[in-house]
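Participant: Right, I'll just put the structure down here and ask away after.
The values are calculated or read from the model by the stated rules, or taken from the named source; none is laboratory data. What you are looking at is a predicted structure, and each value in this text was computed from that prediction instead of being measured. Glycine gets a Cβ as well: all are built from the backbone with ideal geometry, and neighbour counts include every protein chain shown. Just the protein is used for accessible areas: all its heavy atoms, side chains included, with ligands, DNA and RNA removed. Shrake-Rupley method; radii C 1.70, N 1.55, O 1.52, S 1.80 Å.
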Amino acid sequence: MVLPLVDQHRPKCHLCNRTFESVEKMRQHQEADHKDFVDFHKKREPAPGDVTVF
Ligand SMILES: [Zn+2]
């Protein structure tokens, strides 16, 4: 039995320290188990009062 040496290169959920086979699987996990966190980070709209001038 050979342990996977690529383990440290796998995407890791920094919220619960679990590793996943792919980024896609990690995202699915986060959307399922850390939905509040994901929703929070999806909102990239500027906060009220945060005026951006172009
Ligand atoms: Zn997690």
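Participant: Would you tally the residues in the stretch 12-27 being open to solvent by less than 100 Å² (accessible area, probe 1.4 Å), within 9 Å of the ligand (Cβ to nearest atom) and not in a loop (DSSP other than H, G, I, E, B)?
Facilitator: 2
Participant: Give me the pairs, please: first residue somewhere in the stretch 9-22 and over 13 Å from His34 (Cβ atoms) and polar (S, T, N, Q), second residue anywhere and at pLDDT 90 or above and open to solvent by 50 Å² or more (accessible area, probe 1.4 Å), beta-carbon distance under 8 Å, and either six or more positions apart or on two chains.
Facilitator: Listed by first residue and then by second, the contacts come to Thr19/Lys12.
Participant: Take the residues in the stretch 32-54 that are part of a helix (DSSP H, G or I), open to solvent by 90 Å² or more (accessible area, probe 1.4 Å) and more than 10 Å from the ligand (Cβ to nearest atom); name whichever of them is modelled with the highest pLDDT.
Facilitator: Filtering the stretch 32-54 for residues that are part of a helix (DSSP H, G or I), open to solvent by 90 Å² or more (accessible area, probe 1.4 Å) and more than 10 Å from the ligand (Cβ to nearest atom), the one modelled with the highest pLDDT comes out as Lys35.
Participant: Looking at the stretch 12-27, can you tell me whether even one residue there is of a type in the set (Val, Ile, Thr) and either at pLDDT 65 or above or touching a strand residue (DSSP E or B) at 6+ places or on another chain (Cβ under 6 Å) (or both)?
Facilitator: Within the stretch 12-27, one or more residues are of a type in the set (Val, Ile, Thr) and either at pLDDT 65 or above or touching a strand residue (DSSP E or B) at 6+ places or on another chain (Cβ under 6 Å) (or both).
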